[in-house]
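In what follows, a structure is listed as structure tokens, so that the remarks can point back to it.
The values are calculated or read from the model by the stated rules, or taken from the named source; none is laboratory data. As the structure is a prediction and not an experimental result, all values here were calculated from the model. Heads up, the Cβs are rebuilt from the backbone with ideal geometry, glycines too, and the neighbour counts pull from every protein chain shown. Ligands, DNA and RNA are stripped out before the accessible areas are found, and what is left, the full protein with its side chains, is counted by its heavy atoms. Shrake-Rupley method; radii C 1.70, N 1.55, O 1.52, S 1.80 Å.
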Amino acid sequence: ADVQWADGIGADEIEECTSDTTFAYRTMLLSRDVMRQAVLSAGPRLVQAMYSCEISTSSEGLGGTYAAVGRARGRVVSETMLEGTGDFLIAAMLPVARSFGFVEDLRSRSGGSANASMAFSHWEELESDPTARVMAVVEGDEDGIEDESLGNIAVEYVDNVRRRKGLAVEEKVVKSATKQRTRARKV
């Protein structure tokens, strides 16, 4: 019954297939559609690799350290002050995909007073759905221009991979535009 639901073919239509090639082709299409429906009904999610990051910084570079971690979409797990030195030891989780150039950004934001060491920690499931497109109207915009880039990290990752592989990406060609005025030609 599930096979008939997925492709809409019945037993009498299968018997009508005269060649083995046609039957094999239809079976492949049917199994592709069944697998696609199964994946979509399960609610697909992406996982991302996470680094465990230990950052040592002085009290002067603490604000810049938090800014660098936040910019890299990381989260601070703990912060401890080292006794007698005035330095801080910060433990954070950082996505591997956002970690390239992190140490340079950390040093520039903290004024050179922060050092980081990173090691692979675990795989973490992204909470957002990679198949959902978020459309929101930008506040304060009188034209009601919709912005698709708000909030869905999973869609951003999928689009970046598709661009890198040369595949089609669903995006607007013109993101922000106003109407073109035509000028009447006076003869």
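Scanning segment 73-94 for residues that are out of contact with any Gly (no Cβ under 7 Å at 6 or more places or on another chain) and in a strand (DSSP E or B) yields Arg75, Val76, Val77, Ser78, Glu79, Thr80, Met81, Asp87, Phe88, Leu89, Ile90, Ala91. For the residues Glu54, Glu60, the requirement of being assigned to a loop (DSSP other than H, G, I, E, B), under 30 Å from Ser108 (Cα atoms) and out of contact with any Cys (no Cβ under 8 Å at 6 or more places or on another chain) singles out Glu60.
Quick test for you: out of Asp33, Asp105, Asp129, pick the one residue that is open to solvent by less than 50 Å² (accessible area, probe 1.4 Å), within 22 Å of Tyr157 (Cα to Cα) and free of Cβ contacts under 8 Å to residues at least 40 places away in the same chain. I'd like the intermediate steps shown before the answer.
On the way: Asp33 fails: within 22 Å of Tyr157 (Cα to Cα); Asp129 fails: free of Cβ contacts under 8 Å to residues at least 40 places away in the same chain.
Unique residue meeting the criteria: Asp105.
For segment 74-100, the tally of residues that are farther than 19 Å from Ser113 by Cβ and free of Cβ contacts under 8 Å to residues at least 12 places away in the same chain stands at 1. Taken together, the residues in segment 18-30 that are open to solvent by 80 Å² or more (accessible area, probe 1.4 Å) and not in a loop (DSSP other than H, G, I, E, B) amount to 6.
Scanning segment 108-125 for residues that are open to solvent by less than 70 Å² (accessible area, probe 1.4 Å), in a strand (DSSP E or B) and farther than 13 Å from Tyr51 by Cα returns a single hit, Ala114.
Every condition in (1) at pLDDT 90 or above; (2) open to solvent by less than 60 Å² (accessible area, probe 1.4 Å); (3) not in a helix (DSSP H, G or I) is met by Pro44 except one, and the failing one is (1). Across segment 65-80, a minimum of one residue is classified as aliphatic (A, V, I, L, M), open to solvent by less than 20 Å² (accessible area, probe 1.4 Å) and out of contact with any strand residue (DSSP E or B) (no Cβ under 7 Å at 6 or more places or on another chain).
For every residue, the table says whether it meets (1) among the hydrophobic types (A, V, I, L, M, F, W, C); (2) assigned to a loop (DSSP other than H, G, I, E, B); (3) modelled with pLDDT of 70 or more.
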{"residue": "Asp129", "(1), (2), (3)": "no, yes, yes"}
{"residue": "Ala132", "(1), (2), (3)": "yes, yes, yes"}
{"residue": "Glu139", "(1), (2), (3)": "no, yes, no"}
{"residue": "Glu142", "(1), (2), (3)": "no, yes, no"}
{"residue": "Ser149", "(1), (2), (3)": "no, yes, no"}
{"residue": "Glu156", "(1), (2), (3)": "no, no, yes"}
{"residue": "Val169", "(1), (2), (3)": "yes, yes, yes"}
{"residue": "Ala184", "(1), (2), (3)": "yes, yes, no"}
